[in-house]
Ligand SMILES: [Zn+2]
């Protein structure tokens, strides 16, 4: 995708067979994306972006704030998510056996008495990762058979802008750690999405056709994920 910097705003330009220009600010990283007709001159795109300048800045600020508010301080009473369900965080100091336990609608985070945010985050993330490490191989095996592709390996990463990625050349799949917080179907959708990339690298009509065939409900799931 072509990128332009217009008045200090980084803009991604996607050329499509459309009549009008569309602009959106992506919620994951506040990037500006323009969908423009195939032959629209760059000057016209520039003018369009500048005419929406105030609105873009406002949107970016609002989304940034929302993203920041989601960052945890790892103190009791905060809302945390696991498999799409909301839990109330309760931090419990322990000398041994640090880790996570679920109790009704509470997520008990057992940490050393003098632990800081980073140490608490590491314990919760490790627990998220264990769930994904168990679930993802099952999903990959299931969907490789259905889609009839073969991936080489997978990794779990804490990513800010993407739910997953697939290296088509090496067959390696990358899954976002934060999917442990989302509904299981969202995790499954991302696995299917990345495996389908082994058939089709871009998000074109062919790709969408495969998704319709393998996971007919994918548009709803994707919308909920904001992907
Ligand atoms: Zn993709």
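Return the percentage of antiparallel bridges among DSSP beta bridges fully within region 79-126, rounded to the nearest 5 %. Show your work: numbers first, answer last.
Working: 9 of 15 bridges.
Here the share of antiparallel DSSP bridges comes out near 60 percent.
Could you tell me which of rounded, prolate or oblate describes region 10-129, using a ≥ b ≥ c as the square roots of the eigenvalues of the alpha-carbon gyration tensor, with rounded for a/c under 1.5 and, failing that, prolate when a/b is larger than b/c and oblate otherwise? Prolate is the answer for region 10-129, as a/c is 1.5 or above and a/b outweighs b/c.
Sort 35, 151 so the one with the fewest other Cβ atoms within 10 Å of its own Cβ comes first. Write down the numbers at each step before the final one.
On the way: 35 15, 151 19.
The fewest-first ordering by Cβ neighbours comes to 35, 151.
From least to most packed, judged by other beta carbons within 10 angstrom and beginning with the fewest, 22, 128, 210 follow the order 22, 210, 128.
Based on the Cβ-Cβ distance of residue 214 and residue 26, what FRET efficiency does E = 1/(1 + (r/R0)^6) give at R0 = 25 Å, to the nearest 0.05?
On the way: r = 25 Å, r/R0 = 1.01.
Once the sixth-power term is evaluated, E becomes 0.50.
Considering helices alone, the calculated mean residue ellipticity of the chain at 222 nm is -13000 deg cm²/dmol, with DSSP H runs of length four and up weighted by -39500 (n - 2.57) and normalised per residue.
As a proxy for reagent exposure, ranking 166, 174 by other Cβ atoms within 10 Å from fewest up yields 174, 166.
With both bridge residues required to lie in the chain, what share of the DSSP beta bridges run antiparallel, to the nearest 5%?
Details: 22 of 39 bridges.
Antiparallel bridges make up about 55 percent of those DSSP assigns within the chain.
Any chance you could check the Cα centroid distance between region 183-227 and region 88-130 for me, in angstrom? Rounded to whole Å, the Cα centres lie 33 Å apart.
Take every DSSP beta bridge whose two residues both sit in region 2-69; close to 60 percent of them are antiparallel.
If you average the sequence gap of Cα pairs under 8 Å that are 6 or more apart and divide by the length of the chain, what percent do you get for the contact order?
Values: 329 pairs, mean separation 28.3, N = 227.
Worked out over the chain, it gives 12 percent.
The value of relative contact order for region 66-161, using C-alpha pairs under 8 Å at least six residues apart, is 17 percent.
Using only the Cα atoms of region 2-69, build the gyration tensor, take square roots of its eigenvalues as a ≥ b ≥ c, and label the shape rounded, prolate or oblate: rounded if a/c is under 1.5, else prolate if a/b is larger than b/c, else oblate. Because a/c hits 1.5 or more and a/b exceeds b/c, region 2-69 counts as prolate. Spin-label pair residue 43-residue 92: with each label point 7 Å from Cα along the Cα-Cβ axis, the two points sit 6.9 nm from one another. The calculated FRET efficiency for residue 73 paired with residue 52, based on their beta-carbon distance and R0 = 35 Å, is about 0.50.
In terms of the Cα gyration tensor, with a ≥ b ≥ c the square roots of its eigenvalues, is the chain rounded because a/c is under 1.5, prolate because a/b exceeds b/c, or oblate? Don't skip to the end; give the middle numbers.
Values: a/c = 2.62, a/b = 1.40, b/c = 1.87.
Oblate, since a/c reaches 1.5 and b/c is not below a/b.
All of the numbers you see were taken from the coordinates with simple rules; none came from a lab. This one's a predicted model, so the numbers in the text were calculated from it and none came from an experiment. FYI the Cβ positions are ideal-geometry reconstructions off the backbone, even for glycines, and counts take in every protein chain you see.
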